[in-house]
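Below: one structure, written as structure tokens.
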């Protein structure tokens, strides 16, 4: 290594605590154990993980939910998890088990490999989990915690270009709510071209991505109708929703064709009605399908109204720098729903799947012993 944080002197422990996902299946596939600390190579840095957020994507990857053979919602797939190996169950077909998951990372750079900026050492950072290996002109993308080891550990090794120093008074846990949920939401709004004065319908508005999209849409000056349950309506109003639509209501019957943009990571049985809320020329944008990946699309709703359907996985270049600037200017705020020790990941994920919270859960690794 070309540089090591003074906090560690010239010494880093040989091993670290990590949660290793050993295959597709239930919580028994999450193994908390000692593993070797990865050493940063050329153009890489080693980040000490201070806090790591929990997202649907880690659960989906463990379950093999991305496989074409899976037709149920995330919650139902988790309920009937069998441990069946799904070769096409990851974001890029095959998940490289054993894998350390953890898409969200707030951490401190403690070591740099050759060719990395040594000024990063000692800085608190957020890690951009979406890597565009062939540049932003190519749609190809790989993801930390889906395609290579992530942040459910005491340390994570990442490309130096994916590390962004952030200066704010937020706690580590608060910062760890940001990368995946807010990055995904910002990417969807960026791609859809949502602008001031437009009306946007956001489904799943109490979840990590939905609540982020709500804040980010209000930041753009849009009018937001948020879909959520009655029990969470007040909390969703508190973060900026102009109107609430109950999750059990028929969106098209309630709203008519009044929306410029729909941000929908729920999909499932309500998809057709959600799509019909769009005005002529409206834009539908999605990066998920938590209520079920198979939907019924009436092509007449699509082509007779000149709609645009936008799929979002790879993040565009401005997305993450934008988020850092919003944090540092105080334009968004974290929604921290709860904090758990890293070793209690199974408990945290099971509570996460109950969907009684608003915002994000975060895991805290144990202290590093020098």
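The values are calculated or read from the model by the stated rules, or taken from the named source; none is laboratory data. All figures in this text were calculated on a predicted structure; none of them were measured in a lab. We place every Cβ from the backbone using ideal geometry, glycine too, and count neighbours over all the protein chains shown.
In region 162-182, which residues are under 24 Å from residue 57 (Cα atoms) and surrounded by fewer than 24 Cβ atoms within 10 Å (Cβ to Cβ)?
Start the filter on region 162-182 by keeping residues that are under 24 Å from residue 57 (Cα atoms), which leaves 162-164, 171-182.
Listed by number, the residues that qualify are 162, 163, 164, 171, 172, 173, 174.
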Q: Take residue 331 and decide whether it is out of contact with any strand residue (DSSP E or B) (no Cβ under 9 Å at 6 or more places or on another chain), surrounded by fewer than 21 Cβ atoms within 10 Å (Cβ to Cβ) and touching a residue at least 60 places away in the same chain (Cβ under 8 Å).
A: yes
Q. Which condition breaks for residue 234 when tested against (1) crowded, with 17+ Cβ neighbours inside 10 Å; (2) without any contact (Cβ under 8 Å) to a residue 12 or more places away in the chain?
A. (1)
Q | Number of the exception - residue 321 against (1) buried (at least 19 other Cβ atoms within 10 Å of the Cβ); (2) closer than 20 Å to residue 168 by Cα | A | (1)
(Q) Of the conditions (1) out of contact with any strand residue (DSSP E or B) (no Cβ under 6 Å at 6 or more places or on another chain); (2) surrounded by 18 or more Cβ atoms within 10 Å (Cβ to Cβ); (3) in the same structural domain as residue 129 (by TED's automatic domain parsing), residue 340 satisfies every one except a single condition; which number is it? (A) (1)
